[in-house]
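So the structure is just underneath, and the comments pick up after that.
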Amino acid sequence: MSTARIIPHDPKSTSELWASAPTGEKPAKVGTTRVFYNTPPKQLTALSSLGDGFEKKTGTAKREVVRKAVGSAVKAVKAIDGVKDVKIDASLDPHAAAVAAHLAQYSFTLKTSPTPSRFDPNLKEPIPEKLTLSPEQSSEEWDRGVVYAESQNFARTLMELPANIVTPTAFTERVKSAFAGVDNVEIFVRDEAWAEEKGMRTFLSVTHGTAEPAKLLEIHYKGAPSKNDTPVAFVGKGITFDSGGISLKPSAAMKLMRGDMGGAASVVSATLAIAKLKLPVNLITITPLTENLPGPSATKPGDIIYAMNGKTVEVDNTDAEGRLVLADAIYYASSEYKPHTLIDVATLTGAMDIALGDLYSGVFTTSDQLWDQLRVAGETEFDRFWRMPLDEDYGPQIYSSNADLCNTGGRPAGSCTAALFLKAFVEGIDGDEPSLKWAHIDIAGTMEVTRPTPYLEKGMTGRSVRGLIEYVRNLQ
């Protein structure tokens, strides 16, 4: 049986198929899926419950129910041997259905059996996904949803692949391959010598302990009617493996630090979607890429570094390296390209995981307008954000007796002090009429999910790719 049909089912509606199954929970919860064979012959049909009260739901709540129902059904169908072609009734919300279907199908592994892995870096030819997913009725909304989901899946892959495979150099090569053939894009890969010439010494201070060459990746997308239009800028933290450096992390769960380049993965993947969708904006995306290891030349606690903007930074803890690489990258992006908006994304602080868990990414911003735009985009895509305080009264925690700033502020309000540290390197946000709106998104809590959801497997999430794409799409 090689074909299947997926239908989101409203329990309030009449369905002979649904009614023919043994009764279970009443009413069925969202995502409860019942699979019927030979309906019609040689085809299976999967009905997935939309849950009680679906007819009363609207807007973002309704879209999320559709995602859960479609995602649950795709997972159920994927588990059945022999199914290849799947038609989905996406009429309730084609975009949400496409997103959920393609996110739910994704499952990362490098196991060699029972079938070869799609993610094997040694493959000569790509292996397609198990299922071919398509809507019963084509639409632009479905096609757009596919781009959103596939871009998020690209970020998930970058984050899941181990650090011996995704080095800073390999990261840039994978990104260049992903952008091959995409219009209006230029990619620049800067080396350590270039960064030294620019005075990016806080970035380079993190690179001293590793033998892997550091890179600074720039992606320039020119999609606006005029190539001279003021751009948006994305900056993403790209620590391809974070051991903590001299301030070594505990070994338990250190393997998850392969995903410490989640900010870089998110912004390049969002940029990929924005370019594929040909959104009418100019966008500069910058990711500083390095490992953080305790080598013989590694930066030591107590070292004082001169940043690109001239400020001195005392390194109190080498495991607070993310803000060091971001400091120079943010200053470079804001001073060199003078964007109207700069958004940086980083798996920056464990404190964010404690504060918000894996449901919301924390946002610190200088702009109420930018916060509203991100909030709406996040709610639309259920890639949700929560505004956190960016208060100068936290400043004394990151003051140093011997330097302008200290790279940690202690345990209290750790995410807030990290954001305030980054603010010191954003050019253009001062004064009564700042030329730049800035937001810092901390995805340390949303980097991974520790249990499956209706349309995500356990593992790296690729957030906040969809929220960023939707934010830019809404700028039109």
Would you confirm whether or not the stretch 340-350 contains a residue that is over 22 Å from Ala155 (Cα atoms) and of a type in the set (Gly, Ala, Ser)? no
Return the only residue of Thr240, Thr230, Thr207 being within 18 Å of the chain's Cα centre (by Cα) and either of a type in the set (Ser, Thr, Tyr) or outside the structural domain of Val465 (by TED's automatic domain parsing) (or both). Thr240
Only residues that are touching a residue at least 40 places away in the same chain (Cβ under 8 Å) and either among the hydroxyl-bearing types (Ser, Thr, Tyr) or not assigned by TED's automatic domain parsing to the domain that holds Ile305 (or both): list them for the stretch 395-430, please. Ser400, Thr408, Ser415
Test Lys198 against the stated conditions and say whether it is more than 25 Å from Ala419 (Cα to Cα), surrounded by fewer than 19 Cβ atoms within 10 Å (Cβ to Cβ) and at pLDDT 95 or above. no
Any hit, the stretch 23-32, residues being within 27 Å of the chain's Cα centre (by Cα) and modelled with pLDDT of 95 or more: yes
From Thr271, Thr318, which residue is among the hydroxyl-bearing types (Ser, Thr, Tyr) and either closer than 13 Å to Cys406 by Cα or free of Cβ contacts under 8 Å to residues at least 40 places away in the same chain (or both)? Thr318
Can you tell me which of (1) among the hydrophobic types (A, V, I, L, M, F, W, C); (2) touching a helix residue (DSSP H, G or I) at 6+ places or on another chain (Cβ under 9 Å); (3) in a loop (DSSP other than H, G, I, E, B) is the one Ile80 doesn't meet? (2)
Only one of these conditions is not met by Asn474: (1) crowded, with 23+ Cβ neighbours inside 10 Å; (2) out of contact with any Phe, Trp or Tyr (no Cβ under 9 Å at 6 or more places or on another chain); (3) over 18 Å from Leu356 (Cβ atoms). Which number is it? (1)
Scan the stretch 38-77 residue by residue and report those that are out of contact with any helix residue (DSSP H, G or I) (no Cβ under 9 Å at 6 or more places or on another chain), more than 17 Å from Pro94 (Cα to Cα) and in a loop (DSSP other than H, G, I, E, B). Asn38, Pro40, Pro41, Lys42, Asp52, Gly53
Residue pairs meeting the criteria (Cβ under 9 Å; at least 6 apart or on separate chains; first farther than 21 Å from Leu216 by Cβ, in the stretch 162-185; second in a helix (DSSP H, G or I) and aliphatic (A, V, I, L, M)): Asp183/Ala275; Asn184/Ala275
Kindly list, by first and then second residue, each pair from a residue in the stretch 238-255 that is in contact (Cβ under 8 Å) with a residue 24 or more places away in the chain and in a strand (DSSP E or B) to a residue that is surrounded by fewer than 18 Cβ atoms within 10 Å (Cβ to Cβ) and of a type in the set (S, T, N, Q), limited to pairs with Cβ atoms under 9 Å and residues at least 6 apart or on different chains. Phe241/Asn164
State which residue is surrounded by the fewest Cβ atoms within 10 Å (Cβ to Cβ) when the search covers only the stretch 319-344 and only residues that are closer than 13 Å to Val426 by Cα and among the small types (Gly, Ala, Ser). Ser335
For the stretch 415-450, what are the residues that are among the hydroxyl-bearing types (Ser, Thr, Tyr) and buried (at least 24 other Cβ atoms within 10 Å of the Cβ)? Ser415, Thr417, Thr446
I need the full set of residues from the stretch 285-304 which are surrounded by fewer than 22 Cβ atoms within 10 Å (Cβ to Cβ) and either outside the structural domain of Asp404 (by TED's automatic domain parsing) or outside any loop (DSSP other than H, G, I, E, B) (or both), in order please. Ile304
Scan the stretch 345-359 for residues that are under 16 Å from the mean Cα position of the chain (by Cα) and surrounded by fewer than 20 Cβ atoms within 10 Å (Cβ to Cβ) and jot them down. Asp353, Gly357, Asp358, Leu359
Based on this model, can you work out whether Val235 counts as part of a helix (DSSP H, G or I), crowded, with 24+ Cβ neighbours inside 10 Å, at negative phi and touching a strand residue (DSSP E or B) at 6+ places or on another chain (Cβ under 9 Å)? no
Write out, first by first residue and then by second, each pair whose Cβ atoms fall under 6 Å of each other, whose residues are 6+ apart or on separate chains, and whose first residue, in the stretch 105-130, is within 15 Å of Glu150 (Cα to Cα) while the second is of a type in the set (Asp, Glu). Gln105/Glu129; Ser107/Glu457; Phe108/Glu160
From the set of residues in the stretch 360-394 that are without any contact (Cβ under 8 Å) to a residue 12 or more places away in the chain and closer than 23 Å to Asn474 by Cβ, which is farthest from the chain's Cα centre (by Cα)? Asp368
Examine the stretch 162-177 for a residue that is acidic (Asp, Glu) and either at pLDDT below 95 or crowded, with 16+ Cβ neighbours inside 10 Å (or both), and state whether such a residue exists. no
Quick one: would you say Ser251 is in contact with a Pro (Cβ under 7 Å, 6 or more places away or on another chain) and surrounded by fewer than 24 Cβ atoms within 10 Å (Cβ to Cβ)? no
Condition test on Ala252, is it at pLDDT below 95 and hydrophobic (A, V, I, L, M, F, W, C)? yes
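The values are calculated or read from the model by the stated rules, or taken from the named source; none is laboratory data. It should be emphasised that the depicted structure is a prediction, and the values quoted were computed from it without experimental measurement. Neighbour counts run over all protein chains shown; Cβ positions are idealised from the backbone, glycine included.
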